[in-house]
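First comes the structure, then the notes that go with it.
A short reminder: the numbers here are calculations on the coordinates, not readings from a lab. Not measured: the values here are computed from a predicted model.
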Amino acid sequence: MQAINVSIDVDKRLWQQDLRGSRAHAAMLAKQGIISFNDAKTIDDGLAKIEDEIQSGVFPFRHEFEDIHMNVEARLRELIGPVAGRLHTARSRNDQVATDFRLWVRDQVDLTLQQLLALQEALLQRAEQYADSLMPGFTHLQPAQPVTFGHHLMAYVEMFGRDHSRFADARTRMNENPLGSAALAGSPFPIDRFATSEALGFDRPMANSLDGVSARDFALESLSHAAICAGHLSRLAEEIVIWTTPMFGFVRLSDAFSTGSSIMPQKRNPDAAELVRAKTGRINGSLMALTTVMKGLPLAYSKDMQEDKPPVFEAFDALDLALRAMTGMILDLEADTAKMRAAAGAGFSTATDLADWLVRNLNIPFRDAHHITGAAVRIAETKGVDLAQLDLADLQNLEARITEDVYKVLTPEASAASRQSYGGTAPDQVRQQIQRHTLRLKERRL
């Protein structure tokens, strides 16, 4: 029974939140006249001593006291005597753990928000550096149309910006205080739940005591957002893995973010990117684990909910590491712009520009222009040349009205520069988006 019941090895991570909640609760009890100010002062001093012990590594975490709450309470009694028993007036371990866990998740969300900003700032720095640098854009991992490397990186700025927004939104929703819900029905003591809410930085008390002790959707929502964010990290990690292969050779990571082989001395493995990619599995698994734990639980508290913390701790540990590693890689990588430029023109990537020229200049319906361009590509394939290297006569055999002016749109530079629509890959548009996000990040930092 002790083996299955004890959780101190896991939930001792809540010690800071547990002490914060206890100190706020004791202060409120004294203010409301439920305990004396002298007793509240003695309790606060004892909790301060416990904080010092934990920080210095001498606190005696013991399995006979199953969780962090009982460990703190037992040690407090050893330090200050029977007065320690007054701390638990008008609260239960049910609302205590709900408060501690909510505070921990809120703290971790705050950290994640800052890490997302740091990653976006790194991406913006690189996007500005490579705003004019051409690379192939892909669909189906096949060359599609030329884009700029800056534009490609800005796509991830957008993704991680939405991740930031989701976490910020979740934080607003979770910022309600369960403390004072007691076991499940509230308390007969004249407690002031608004006072503890203010002391702990919550916007308000939770309005239903049953919900207060049993709600874990704040953790589920945070894990859901973590899983989405991990998916974005994994996509970027995958591209870094591809880009660093000799077959692509688009970017290079220094030794700080790559590793060698135990047998092949020439290897430069993008292990950090691969591990970021793998962390997605842990985070997705954590979301599924907690979803399954909570499925079908009746109100209010069930011991099943002791299993809520391991997946949340594991997921946020993985996300924390993945965000820091990805930020480091983005700041570390260097692009081979010449190789990117060469690849940007491969695979007849300016074919759409030819079709667009036919529509704009000759008023040919796009679908007909599409067929003409397809025929031009087949001729170029047969001759083993790019579209820009076709003779004018070859193009005029397909459409007599084509002039030499068409060659102005058949370079990757011209293709990218022409994409001037809002959100397009033209360097001017990329710089506008960099400026917009730079201002937004400054606002979020305030």
Q: Pull up the cross-link candidates among the lysines for Lys49, meaning alpha carbon to alpha carbon under 20 Å and not fewer than 8 places away within one chain.
A: Lys12, Lys41
Q | Helical contribution to [θ] at 222 nm, DSSP H n ≥ 4, -39,500 (n - 2.57), averaged over the chain, rounded to 500 | A | -20500 deg cm²/dmol
Q: Using Cα positions and a limit of under 24 Å, work out the lysines in reach of Lys408, with same-chain residues fewer than 8 apart set aside.
A: Lys339, Lys383
**Q.** HN-Hα J in Hz across the range 23-40 - Karplus 6.51, -1.76, 1.60, θ = phi - 60°, x for Gly and Pro
**A.** 5, 5, 5, 5, 4, 5, 4, 5, 4, 8, x, 7, 10, 6, 5, 4, 5, 5
Q. Using the alpha-carbon centroid of each, what span in Å lies between the range 1-27 and the range 289-351?
A. 28
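Report relative contact order for the chain in percent, whole number only (criteria: Cα-Cα under 8 Å, sequence separation at least 6).
17 percent.
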Q: Starting from the amide H of Thr259, placed 1.01 Å from N in the peptide plane, find each other amide H under 5 Å away whose residue is 5 or more places distant or on another chain.
A: Asn269, Asp271
Q) Tell me, what HN-Hα J-couplings in whole Hz come from the Karplus equation 6.51 cos²θ - 1.76 cosθ + 1.60 at θ = phi - 60° for each residue of the range 145-160, using x for Gly and Pro? A) 9, x, 9, 9, 4, x, 5, 4, 5, 5, 4, 6, 4, 5, 4, 6
